[in-house]
């Protein structure tokens, strides 16, 4: 590798209306030149991060350091964050997470980096489980509300049947305009008619919960 190891920063926002200035100001505490801070802004419903891909695939070299404000700058969901973390570690790129210093790998030996990676994966697993628990809790509340409105005689057709974790994750990304409906169907493994039927069922359930 030619020259000394470099430090790059990466900043991303999920909508065109959001401002990158706050992230860039924090990254400048670590990065010598602002030109070494790569940025992305969302474009429409697609998860567009061409800046990051270019940074990862053409700029970063073994021994370099990538600085991000928060762990979730690496991806749109926990699976992608884990995947990108693994890629960077295998590239022998150090990572600094400004908001979570315990995850910083710069200056650490191989054993310490392995430990940090394990912490990252445990953290992501915990966050995923918390999200699943939240979804189940909301579903249970919806069922209880329906029973209450029906004098405890049952709730008719259960609107939560088939609302898998993969559907819920795809639904949330789609509603947040992070992916297209077609991509959401692909991620949830559902045909168009089935996908929209489940969307209708889920949104009807959420409406009942809010009214209750």
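Here, each number is a calculation from the coordinates, and none is a lab measurement. The model shown is predicted, which means the values in this text are computed figures rather than measured ones. We place every Cβ from the backbone using ideal geometry, glycine too, and count neighbours over all the protein chains shown.
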Tell me, in nm to one decimal, what length is gained between residue 33 and residue 100 on full extension, where the rule is 0.36 nm per residue of separation less the Cα-Cα distance?
21.8 nm
For the range 7-107, what relative contact order do you get, as a whole percent, if you take Cα pairs closer than 8 Å and at least 6 residues apart?
27
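Would you mind ranking 164, 110 by Cβ crowding within 10 Å, fewest neighbours first? Could you put the intermediate results ahead of the total?
On the way: 164 12, 110 9.
Listing 164, 110 from fewest to most nearby Cβ atoms yields 110, 164.
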Can you give me the distance in nm between label points at residue 196 and residue 164, each placed 7 Å from the Cα along the Cα-to-Cβ direction?
2.2
Expressed in nanometres to one decimal, the distance between label points 7 Å along Cα→Cβ at residue 114 and residue 79 is 2.8
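By how many nm would the segment from residue 4 to residue 16 grow when fully extended, if each residue of separation counts as 0.36 nm and the alpha-carbon distance is taken off?
Working: separation 12, 0.36 × 12 = 4.32 nm, distance 3.49 nm.
Here the segment from residue 4 to residue 16 would lengthen by 0.8 nm.
Report the gain in length on full extension from residue 136 to residue 61: 0.36 nm times residue separation, minus Cα-Cα distance, nm rounded to one decimal. Write down the numbers at each step before the final one.
Numbers: separation 75, 0.36 × 75 = 27.00 nm, distance 4.32 nm.
Contour length minus the Cα-Cα distance gives 22.7 nm.
Taking the number of other C-beta atoms within 10 Å as the exposure measure, put 90, 172 in order starting with the fewest. Mind showing how you got there, number by number?
Details: 90 9, 172 15.
Ascending Cβ contact count within 10 Å gives the list 90, 172.
Arrange 117, 54 by Cβ neighbour counts within 10 Å, fewest through most, would you? Before the final figure, lay out the partial values.
Numbers: 117 17, 54 13.
Lowest count first: 54, 117.
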